[in-house]
Amino acid sequence: MSEDNIVKSDGYLQYNMSKDEVLDSWNSDYMKRIRLKMIAGDPIVNCIKCVESEAKGLTSMRTTANKEKYISSTNVDGSIDDKPDSLELHFGNTCNLQCKMCSQQFSHMIGKELLKMGEQDPSFLQWVKKESGVINNWTGELDIAYDWYKNDKIKKSIFDHVSRNVESLVVIGGEPTIISEFYELLGYCHSNNTLKDKSLTITTNMTNTNKNLSTWLGSVKDFMIHASIDGLDERNRYIRYPCNWKSVLKSLQFYKDVMQKHKQAHFNFAPAIQLLNIDQLPELCKFFIDNFTTKKCDIAWVSQVRYPIICDYAILPTEHRHGIADKLKESSKLIRDEKTAAQILSHSNDLLTESFSDAEKKTYQKMFMRYNDKQDQFRKTKPWRALMPDLDQALTNSTK
């Protein structure tokens with residue numbers, strides 16, 4: 001979605017929606033090399049997050065997304081004859097939330113807020129940009145807006161490709177449920193009688209639904225809702241500011257009703273596990289299990305936050321981190337779902353691992369405190385220190 005095609009030293013040609021056709025990058029030299037490297041088991045920089053998760057015993061998309069199918073369909077030169085029948089479609093960065101672990105690449109609201117904060121305190125904004133990757137995942141263009149769907153030519157090309165070729169469609173944002181063109185895509189496929197052939201996955205922050213969505217979901221082959229909920233009530237609002245918990249509960253009831261109505265329905269809770277919610281993980285899982293106890297519902301364990309670094313629970317003070325590990329270990333014994341209990345236990349073990357030196361941890365802890373104190377002050381919301389007094393005490397003592 002960039003203005004210009006970018007050629008990197010390894011031959012990667014960035015797909016440009018304003019200039020290229022949808023399939024232009026499918027059998028590029030770069031993609032052929034990547035496929036052959038993955039099949040050979042060679043290390044790939046792009047896959048580092050999955051590799052790190054797997055090394056810790058966690059789940060990754062590399063090992064769960066039709067791996068054998070794609071290997072068997074790859075030619076000796078790395079090309080694939082079939083057109084891609086699966087697509088992860090990002091509906092730009094239009095979003096209604098400003099999540100702590102997110103960036104303006106996925107929410108235009110984050111960049112806008114940082115710019116406003118910079119107007120009040122230029123030195124703070126300069127610091128955030130300097131520490132990009134530690135404080136924020138990306139600060140290149142804080143006012144950038146990705147809205148390819150506003151271009152009729154691009155929209156028609158994408159919609160037509162999805163309707164004709166895509167069997168498995170994953171929709172992500174931004175927040176798809178607040179974008180009218182998302183519903184327009186479903187209507188386009190329905191009018192072309194292709195919606196019935198598709199498996200649809202929607203990643204949503206659960207703040208918004210549409211009455212027509214139930215109709216579209218009833219027309220697809222099957223669908224999965226990935227619910228991005230990272231805490232209970234005030235904790236979720238803090239992490240996913242300014243999320244309204246009542247709206248989340250309302251959306252949960254909406255999808256409950258849809259699941260009862262349509263047999264092809266599935267639902268996944270997808271928490272982004274991080275410093276700000278690791279202590280509440282057992283309670284969050286219990287909430288999920290108590291509210292959705294059918295075989296059609298599960299918890300997705302594919303999102304552990306490592307970046308920005310100040311959201312990584314590995315930077316917590318050792319004693320505090322070990323205390324949470326003990327809590328998780330004991331709580332896992334009380335979780336009646338075996339898979340969930342095992343995953344909670346894996347995070348308990350991960351908390352016992354030292355990923356940073358004491359000096360590094362102290363530096364990152366100070367950054368966490370400075371960034372969130374400033375943001376809390378700007379938002380005039382309940383601060384993290386009041387929400388998580390144990391964390392406040394641990395970090396205050398650690399950074400003396």
From the options 97, 58, residue that is aliphatic (A, V, I, L, M) and modelled with pLDDT of 80 or more: 97
Among the residues of the stretch 94-112, count how many are charged (D, E, K, R) and either touching a residue at least 40 places away in the same chain (Cβ under 8 Å) or surrounded by 22 or more Cβ atoms within 10 Å (Cβ to Cβ) (or both). 1
Subset of the stretch 344-400 [in contact with an Asp or Glu (Cβ under 7 Å, 6 or more places away or on another chain) and touching a residue at least 60 places away in the same chain (Cβ under 8 Å)]: 367, 382, 384, 387
Residues of the stretch 182-193 being surrounded by fewer than 20 Cβ atoms within 10 Å (Cβ to Cβ) and in contact (Cβ under 8 Å) with a residue 40 or more places away in the chain, which ones? none
If the requirement is being within 14 Å of residue 96 (Cα to Cα) and out of contact with any Ser or Thr (no Cβ under 8 Å at 6 or more places or on another chain), which of these qualifies: 229, 239? 239
Unmet requirement for residue 209, which otherwise passes all of (1) buried (at least 22 other Cβ atoms within 10 Å of the Cβ); (2) more than 23 Å from residue 154 (Cβ to Cβ): (1)
Test residue 277 against the criterion of being under 30 Å from residue 356 (Cβ atoms) and free of Cβ contacts under 8 Å to residues at least 40 places away in the same chain, and give yes or no. no
Name every residue in the stretch 214-234 that is free of Cβ contacts under 8 Å to residues at least 40 places away in the same chain and crowded, with 17+ Cβ neighbours inside 10 Å, in order of residue number. 216, 219
Consider only pairs whose beta carbons are under 6 Å apart and that are at least six residues apart or on different chains; among these, list those whose first residue lies in the stretch 194-212 and is farther than 14 Å from residue 258 by Cα and whose second residue is open to solvent by 30 Å² or more (accessible area, probe 1.4 Å) and in a helix (DSSP H, G or I). 207/247; 208/178
For the stretch 235-292, give me the residue count where each residue is open to solvent by 10 Å² or more (accessible area, probe 1.4 Å), in a strand (DSSP E or B) and under 24 Å from residue 341 (Cα atoms). 2
In the stretch 148-158, is there at least one residue being closer than 20 Å to residue 373 by Cβ and part of a helix (DSSP H, G or I)? no
When you go through 296, 286 one by one, which is the residue that is under 23 Å from residue 253 (Cβ atoms) and in contact with a His (Cβ under 9 Å, 6 or more places away or on another chain)? 296
Would you check which residues across the stretch 113-137 are charged (D, E, K, R) and either at pLDDT 95 or above or open to solvent by less than 20 Å² (accessible area, probe 1.4 Å) (or both) and list them? 113, 116, 119, 121
For residues in the stretch 157-176 being surrounded by 22 or more Cβ atoms within 10 Å (Cβ to Cβ) and over 16 Å from residue 86 (Cβ atoms), which is farthest from the chain's Cα centre (by Cα)? 176
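The values are calculated or read from the model by the stated rules, or taken from the named source; none is laboratory data. Remember, predicted model here, so these are calculated numbers, not experimental data. Cβ: placed from backbone, ideal geometry, glycine included. Neighbour counts: every protein chain shown. Note: accessible area is taken over every heavy atom of the protein model, side chains too, but ligands, DNA and RNA are not part of it. Shrake-Rupley method; radii C 1.70, N 1.55, O 1.52, S 1.80 Å.
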